[in-house]
Amino acid sequence: MRTTGEVTEKLALLFPQKTALISGTTRLTFKEVHRQVQNLAAALLEQGLKPGDRVAMIMKNNHRYLEMPFVAGIAGLILVPINTMLVQREVQLIMQDSGARAIITTESHRKIIEDLRPELPDLSILIGIDMTQEAYDAGWLNFDEMAATEKTPGPVGPISEDDPSILIYTSGTTGVPKGVIITHRMILSNATNFILETPIASENIYMATSPCHHVSLLSHLSWVVRGCTVVATPFEPLSVARLIEAEKVTDILLVPTMVQAVLNSLDTYPRDLSSLKNLIFAAAPMPEALLRRGIEMLGPIFVQMYGLTETSSLCTILSKADHNPDGPPEVQSRLISCGREITRVEVRVVDQQGQPVPPGEVGEVVIKGDTVTPGYWNKPEETAATIRNGWLYTGDLGRVDQANYIFLVDRRKDMIISGGVNVYPREIEEVLYKHPAIQDVAVIGVPDPKWGEAVHAVLVLKPGAIVTDEELDAFCKEKLGFKRPRSYGRWSELPRNATGKILKRTIRDQYWSGRARQIV
């Protein structure tokens, strides 16, 4: 297989009657999935879409989300997943930057899209899922009817392995969204890496519960490509535990905060999760105490993965064998590492000249391989700054030990990871600077036992100004949604260097002192 458009045809040939996707009450075989994918590709092309056109998608996890990358692959389209938690302004920025010609969404986001229509001149095709009859009468197309109507897509011309397949948007430090180009080669290479490193057997049953709007989607597709049964569902701890027990799930990918929520749910509502063979965690390192608790409750099934959107996820693995809380000291110390580079990806820790640093010294993590993005959509300068001589410069600072285990210690960029979600301080600061009481502001991530990091804003108020945390929360809620600060501090002034730049490291040290890592 060279492109995503070839995947479901092969799976339908190999496993025609095997259950492919489970979502709510829907259960589809690989033969049925391929038929629906073909129908949808043909229907989108009939609507006038052409290879290279972008199709945006806003919804929670379900089987349709896992079908659409293959639909786009057959038709030569580019899928643009959008976070359901973004506010209208953020949706607008992504839709405008991508130039999406079509949108697929549910009733919950219908009004946002309809309100944005005047600002989106490229948007011409509206496709609804589970909408009211009023919406369909007003011109929204019915996704499920399109999937059920037998059609065969016509020829679309050659599709290359290096053509864009998905754009996954991740904000830069300026707060402006940037689309990471994900090619067909990246998706299939990442799937190969997962199959090789985890390893994934075709008889495994996988639960896709991490949100499909970000890089987790590429991880989910790895199990589909392998011919596994995939249970697609939004994350809710009790529901996840119930489905693991009911469907005998063997593999699951979670962020540490999700792991904590599931373990907490088991304390109150016990479930039999003994079917689990691989619990892969990613997006942030697992606190050692939580990891030890997880191993005690669920057994030696934990696997840590490190990667980025720009690397289509998997780059390093800390294997199940490495998760040994009772091993010798050097083995126990690796519980807080992110493992070692995988077979088909190169990972280095380098100095400012791009040379590997000796074991124990801190440098920047750089990555090379077939899973690395060719760049950012319409952003050649940012692409050139991030990808140099074939190496992706991550902005993550780390060190290696004598056995080449990689330990992340800090971030060169100011990005905060809260509950596995990227939050960018500059975007929040820009909003807070608009408040009439605020003179100066610095946003940082502070340690949080539930979310890993929580967004904290340090404020300098204007002389005589008074503002409560509740007022600030209300001010930020509409503009920032879930990314708004969870706490506020008032300082008389912010530390700055000689050029006037705020010294965030000095501010962060007030909250992170005494910790082995400045990253959670």
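The values are calculated or read from the model by the stated rules, or taken from the named source; none is laboratory data. The shown structure was predicted, so the numbers you read here are calculated from the model rather than taken from an experiment. Don't worry about glycine lacking a Cβ; one is built from the backbone with ideal geometry, like all the others, and counts go over all protein chains shown.
Looking at the range 481-506, which of the residues that are small (Gly, Ala, Ser) and either surrounded by 15 or more Cβ atoms within 10 Å (Cβ to Cβ) or not assigned by TED's automatic domain parsing to the domain that holds residue 457 (or both) is modelled with the lowest pLDDT? Top of the filtered list is 481.
Could you list, in sequence order, the residues of the range 405-425 that are modelled with pLDDT of 75 or more and either part of a loop (DSSP other than H, G, I, E, B) or among the hydroxyl-bearing types (Ser, Thr, Tyr) (or both)?
If we filter the range 405-425 for residues that are modelled with pLDDT of 75 or more, which is where we start, we get 405-409, 414-425.
Answer for the range 405-425, where residues must be modelled with pLDDT of 75 or more and either part of a loop (DSSP other than H, G, I, E, B) or among the hydroxyl-bearing types (Ser, Thr, Tyr) (or both): 405, 414, 415, 418, 419, 420, 424.
If you go through the range 317-359 and pick out every residue that is within 25 Å of residue 371 (Cα to Cα) and surrounded by 13 or more Cβ atoms within 10 Å (Cβ to Cβ), you end up with 23. Looking at 240, 259, just one residue is modelled with pLDDT under 95, more than 25 Å from residue 4 (Cβ to Cβ) and not polar (S, T, N, Q), and that residue is 259. Would the range 437-444 turn up any residue that is acidic (Asp, Glu), closer than 25 Å to residue 471 by Cβ and touching a strand residue (DSSP E or B) at 6+ places or on another chain (Cβ under 7 Å)? Yes, that holds for at least one residue. Taking the range 51-145 and the helices (runs of 4 or more DSSP H) fully enclosed by it, the elements with 1 or more residues that are touching a residue at least 12 places away in the same chain (Cβ under 8 Å) and under 30 Å from residue 229 (Cβ atoms) are at 63-75.
Run down 110, 101 and say which single residue is closer than 25 Å to residue 37 by Cβ, in contact with a helix residue (DSSP H, G or I) (Cβ under 8 Å, 6 or more places away or on another chain) and among the charged types (D, E, K, R). Talk me through it step by step, then tell me what you get.
Working: 101 fails: in contact with a helix residue (DSSP H, G or I) (Cβ under 8 Å, 6 or more places away or on another chain).
Every option except 110 fails the conditions.
Against the list (1) more than 20 Å from residue 84 (Cα to Cα); (2) in a strand (DSSP E or B); (3) touching a residue at least 60 places away in the same chain (Cβ under 8 Å); (4) not polar (S, T, N, Q), the condition residue 206 fails is (3). Yes or no: residue 31 assigned to a helix (DSSP H, G or I), touching a helix residue (DSSP H, G or I) at 6+ places or on another chain (Cβ under 8 Å) and either assigned by TED's automatic domain parsing to the domain that holds residue 149 or on the phi < 0 side of the Ramachandran plot (or both)? Against the criterion (assigned to a helix (DSSP H, G or I), touching a helix residue (DSSP H, G or I) at 6+ places or on another chain (Cβ under 8 Å) and either assigned by TED's automatic domain parsing to the domain that holds residue 149 or on the phi < 0 side of the Ramachandran plot (or both)), residue 31 qualifies. The numbered conditions (1) surrounded by 19 or more Cβ atoms within 10 Å (Cβ to Cβ); (2) in contact with a Lys or Arg (Cβ under 8 Å, 6 or more places away or on another chain) are all true for residue 124 except (1). Kindly establish whether residue 465 is among the aliphatic types (A, V, I, L, M), without any contact (Cβ under 8 Å) to a residue 40 or more places away in the chain, assigned to a loop (DSSP other than H, G, I, E, B) and surrounded by 13 or more Cβ atoms within 10 Å (Cβ to Cβ). Here the answer is yes, as residue 465 does meet what is asked. Listed conditions (1) part of a strand (DSSP E or B); (2) in contact with a helix residue (DSSP H, G or I) (Cβ under 9 Å, 6 or more places away or on another chain) are all met by residue 374, apart from (1).
Okay, residues lined up against (1) surrounded by fewer than 22 Cβ atoms within 10 Å (Cβ to Cβ); (2) of a type in the set (Asp, Glu); (3) in the same structural domain as residue 480 (by TED's automatic domain parsing); (4) more than 30 Å from residue 19 (Cα to Cα):
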residue: 48; (1), (2), (3), (4): yes, no, no, yes
residue: 55; (1), (2), (3), (4): no, no, no, no
residue: 71; (1), (2), (3), (4): no, no, no, no
residue: 91; (1), (2), (3), (4): no, no, no, yes
residue: 114; (1), (2), (3), (4): yes, yes, no, yes
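Within the range 1-25, residues that are over 29 Å from residue 246 (Cα atoms) reach partners that are among the basic types (Lys, Arg) with beta carbons closer than 7 Å, at six or more positions or on different chains, in the pairs 1/10.
What tally of residues in the range 377-396 results from selecting those that are among the acidic types (Asp, Glu) and surrounded by 11 or more Cβ atoms within 10 Å (Cβ to Cβ)?
Kept after step one, since they are among the acidic types (Asp, Glu), are these residues of the range 377-396: 381-382, 396.
Right, trim to surrounded by 11 or more Cβ atoms within 10 Å (Cβ to Cβ) and you get 382, 396.
Looking only at that region, the number is 2.
Which of the residues belonging to the range 209-231 are over 21 Å from residue 28 (Cα atoms) and either in a helix (DSSP H, G or I) or of a type in the set (Val, Ile, Thr) (or both)? Those that are over 21 Å from residue 28 (Cα atoms) and either in a helix (DSSP H, G or I) or of a type in the set (Val, Ile, Thr) (or both): 215, 216.
This table checks each residue for (1) assigned by TED's automatic domain parsing to the domain that holds residue 167; (2) free of Cβ contacts under 8 Å to residues at least 12 places away in the same chain; (3) in a helix (DSSP H, G or I).
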{"position": "270", "(1), (2), (3)": "no, yes, no"}
{"position": "273", "(1), (2), (3)": "no, no, no"}
{"position": "290", "(1), (2), (3)": "no, no, yes"}
{"position": "293", "(1), (2), (3)": "no, no, yes"}
{"position": "303", "(1), (2), (3)": "no, no, no"}
{"position": "307", "(1), (2), (3)": "no, no, no"}
{"position": "315", "(1), (2), (3)": "no, no, no"}
{"position": "331", "(1), (2), (3)": "no, yes, yes"}
